[in-house]
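Read through the structure below, which is laid out as structure tokens, and then see the notes.
The values are calculated or read from the model by the stated rules, or taken from the named source; none is laboratory data. Please read all numbers here as calculations on a predicted model, not as lab measurements. No Cβ is skipped: glycine too gets one built from the backbone with ideal geometry, and neighbour counts run over all protein chains shown.
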2 protein chains.
Amino acid sequence: MRSRGSFAADRHGGRTSYGGDVKPAVVLLSGGLDSATCLAIANDEGFDVFAMSFRYGQRHTFELDAAGAVVEAIGAVEHRVVDIDLGAFGGSSLLGDGDIPKARTDDEIGDGIPSTYVPARNTIFLSYALAWAEVLGANDIFIGVNALDYSGYPDCRPEFIEAFQATANAGTRTGTEGDGYRIRTPLIDLTKAQIVERGTSLGVDYAMTVTCYDATADGACGECDACILRRQGFEQAGVDDPTRYR
Amino acid sequence: MRSRGSFAADRHGGRTSYGGDVKPAVVLLSGGLDSATCLAIANDEGFDVFAMSFRYGQRHTFELDAAGAVVEAIGAVEHRVVDIDLGAFGGSSLLGDGDIPKARTDDEIGDGIPSTYVPARNTIFLSYALAWAEVLGANDIFIGVNALDYSGYPDCRPEFIEAFQATANAGTRTGTEGDGYRIRTPLIDLTKAQIVERGTSLGVDYAMTVTCYDATADGACGECDACILRRQGFEQAGVDDPTRYR
């Protein structure tokens, strides 16, 4: 972990903001391929990165171990893992309700919202990132959503991101009295292959990332939508796939 | 508690939605005067109400006891109290950072964002309500924000609510494939006196609500912004103030 800035109390009562030579940014980090690349990009842009992950009742907590390893390798000022109980609501095969779809074709993956969709997940994740950004005094929040080779989740699309940014700027101190927020989505227009190329050029070791919706200690399933898209990305980028499949 | 509808698995994998003779709605309930009135209004409109409260590190957990009492008195199909750790971020006198301002004049209360502002609080609350609504199959989410006699929080203004509604409709299954969400704010244009009048006409017993930012077992402080606005509301409505001040 690096530490370049420092914290100081500011004029707003007990509020503390982060003051350093470079600007802070909050980066949402799942431990998968996309968010690891996003973390590397934020670092490359010179931000002091505050990485945020969630333990939200997902089947595959292996990705949280991956998130920790990614932070160690790529760097961040701080990494917080926030416990939230989305599993209490249910409504997703990723939270244990029903089976995770396997071995679907590209057409099937592209058709509609799959059962792995977690209701309001990115809205909740971005809301927590916004709260942290507000306290840190960060204006930039990075999220590794991708609207091309993606799984059909509505909360990965540009119109969702734009709407959330407007919400952030309408509902916060920084949005109404300060410089405002930018929800940064550097991967949104990239193919999975382009993401792999970008991350590889930045030195991301994808062997430590976990993308699979159904990962176990023995490795990735190789058959869920996330595995299929990831595998295709490496193939199309001409990069050796370091994923450990079981 | 009433129970009029029933739950059933629907076509979306393991997702379960609520099906009853009347429509479900999620109501955010703090246990204060405004949200108790909001709960009564949602019930009066004929919704099957699912009330949601948060244990978020606030100093005044007395309001959660109040929320439970309000649900018992007014009615709801279910009441969930969700644990979230906003205190981990700090940034608010309401979360223990700094002193809660006392005995401020109306001009002081109306001037800027106070130290009791909790970063991104309503964004996070609404995000959780959205997740629950998505699983229940509810299209309506009630929040008792008020833009007239309020404490200067940016996330209580109509422009924030409109932006969040757009976010909800861009980022969810119901927003993109279904009938969409309405963020319902029946109090937003009312004075505190009008809110008291409305709730009183619906039979709300305000004695069981807790509004004070600094409540203790001995009662409300009577001097914080919330107490001042509440007391003025009862005075202007010509309704006896049942608040127990210490």
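If you check A:Tyr153 against the conditions, is it in contact with a Phe, Trp or Tyr (Cβ under 6 Å, 6 or more places away or on another chain) and more than 7 Å from chain B (Cβ to nearest Cβ)?
Working: in contact with a Phe, Trp or Tyr (Cβ under 6 Å, 6 or more places away or on another chain): yes; more than 7 Å from chain B (Cβ to nearest Cβ): yes.
Here the answer is yes, as A:Tyr153 does meet what is asked.
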Residues of region B:71-114 being surrounded by fewer than 19 Cβ atoms within 10 Å (Cβ to Cβ) and of a type in the set (Ser, Thr, Tyr), in sequence order, are B:Thr105
Looking only at residues that are hydrophobic (A, V, I, L, M, F, W, C) and surrounded by fewer than 24 Cβ atoms within 10 Å (Cβ to Cβ) in region A:164-179, which one is nearest to A:Ala193 (Cα to Cα)? A:Ala166
Being touching a Ser or Thr at 6+ places or on another chain (Cβ under 7 Å), of a type in the set (Lys, Arg) and surrounded by fewer than 18 Cβ atoms within 10 Å (Cβ to Cβ) is true for just one of B:Arg182, B:Arg198, B:Arg246. Which residue is that? B:Arg246
Let me spell it out: the conditions are (1) at the interface with another protein chain (Cβ under 8 Å from one of its Cβ atoms); (2) part of a loop (DSSP other than H, G, I, E, B), and A:Leu148 meets all of them except one. Which number is the exception? (1)
Which residues, counting only those in region B:116-135, are of a type in the set (Phe, Trp, Tyr), facing another protein chain (nearest Cβ under 8 Å) and more than 22 Å from A:Thr116 (Cβ to Cβ)? B:Tyr117
Would you mind stating whether A:Ile183 is modelled with pLDDT of 95 or more and under 19 Å from A:Gly152 (Cβ atoms)? no
Quick check on region B:51-63. Is at least one of its residues closer than 19 Å to B:Phe234 by Cβ and touching an Asp or Glu at 6+ places or on another chain (Cβ under 9 Å)? no
Testing B:Gln165 on (1) within 14 Å of chain A (Cβ to nearest Cβ); (2) farther than 30 Å from B:Leu95 by Cα; (3) modelled with pLDDT of 95 or more, one condition comes back false. Which one is that? (2)
Qualifying positions in region A:85-115 - at the interface with chain B (Cβ under 9 Å from one of its Cβ atoms), farther than 27 Å from A:Gln165 by Cα and polar (S, T, N, Q): A:Ser93
Residue check, A:Arg80 against (1) at pLDDT 85 or above; (2) touching a Leu at 6+ places or on another chain (Cβ under 9 Å), all met but one. Which one? (2)
For region A:22-53, which positions are under 26 Å from A:Gly87 (Cα atoms) and more than 10 Å from the chain's Cα centre (by Cα)? A:Val26, A:Phe50
Search result, residues across region A:118-131 that are under 14 Å from B:Asn122 (Cα atoms) and touching a helix residue (DSSP H, G or I) at 6+ places or on another chain (Cβ under 8 Å): A:Thr123, A:Ile124, A:Leu126, A:Ser127, A:Tyr128, A:Leu130, A:Ala131
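So which of A:Leu130, A:Leu136 ends up being over 27 Å from B:Gly175 (Cβ atoms) and either buried (at least 23 other Cβ atoms within 10 Å of the Cβ) or of a type in the set (Phe, Trp, Tyr) (or both)? Before the answer, list the steps.
Details: A:Leu130 fails: over 27 Å from B:Gly175 (Cβ atoms).
Result: A:Leu136 is the single residue among A:Leu130, A:Leu136 that is over 27 Å from B:Gly175 (Cβ atoms) and either buried (at least 23 other Cβ atoms within 10 Å of the Cβ) or of a type in the set (Phe, Trp, Tyr) (or both).
So that you can scan it fast, the table gives a plain yes or no per residue for (1) within 19 Å of the chain's Cα centre (by Cα); (2) at pLDDT below 80; (3) under 14 Å from A:Phe125 (Cα atoms):
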| residue | (1), (2), (3) |
| --- | --- |
| B:Gly91 | no, yes, no |
| B:Leu95 | yes, yes, no |
| B:Lys102 | no, no, no |
| B:Thr116 | yes, no, no |
| B:Ala133 | yes, no, no |
| B:Ala138 | yes, no, no |
| B:Ile143 | yes, no, no |
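Determine whether region B:84-106 contains at least one residue that is in a loop (DSSP other than H, G, I, E, B) and under 12 Å from B:Leu29 (Cα atoms). It would help to see each step written out before you state the result.
Let us first name the residues in region B:84-106 that are in a loop (DSSP other than H, G, I, E, B), namely B:84-85, B:89-92, B:96-101, B:103-105.
Narrowing further to those that are under 12 Å from B:Leu29 (Cα atoms): none.
No, that holds for no residue.
Taking region B:204-218 as the region of interest, how many residues are more than 22 Å from B:Val26 (Cβ to Cβ) and out of contact with any Lys or Arg (no Cβ under 7 Å at 6 or more places or on another chain)?
Initially, region B:204-218 is screened for residues more than 22 Å from B:Val26 (Cβ to Cβ), giving B:205-207, B:212-218.
Next, from what is left, pick out any that are out of contact with any Lys or Arg (no Cβ under 7 Å at 6 or more places or on another chain): B:205-207, B:212-213, B:215, B:217.
Total satisfying the criteria: 7.
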Every listed condition ((1) among the hydrophobic types (A, V, I, L, M, F, W, C); (2) crowded, with 24+ Cβ neighbours inside 10 Å; (3) facing chain A (nearest Cβ under 9 Å); (4) more than 22 Å from B:Pro114 (Cα to Cα)) holds for B:Ile141 save (3)
Restricting attention to region A:56-84, and to residues there that are within 11 Å of chain B (Cβ to nearest Cβ) and touching a Gly at 6+ places or on another chain (Cβ under 9 Å), which single residue is farthest from A:Gly152 (Cα to Cα)? A:Val81
For A:Glu45, are the conditions met, namely being more than 10 Å from chain B (Cβ to nearest Cβ), out of contact with any helix residue (DSSP H, G or I) (no Cβ under 9 Å at 6 or more places or on another chain) and either within 23 Å of A:Thr191 (Cβ to Cβ) or modelled with pLDDT under 95 (or both)? yes
Please determine whether any residue of region A:191-206 is in contact with an Asp or Glu (Cβ under 9 Å, 6 or more places away or on another chain), of a type in the set (Asp, Glu), more than 13 Å from every other protein chain (Cβ to nearest Cβ) and in contact (Cβ under 8 Å) with a residue 60 or more places away in the chain. no
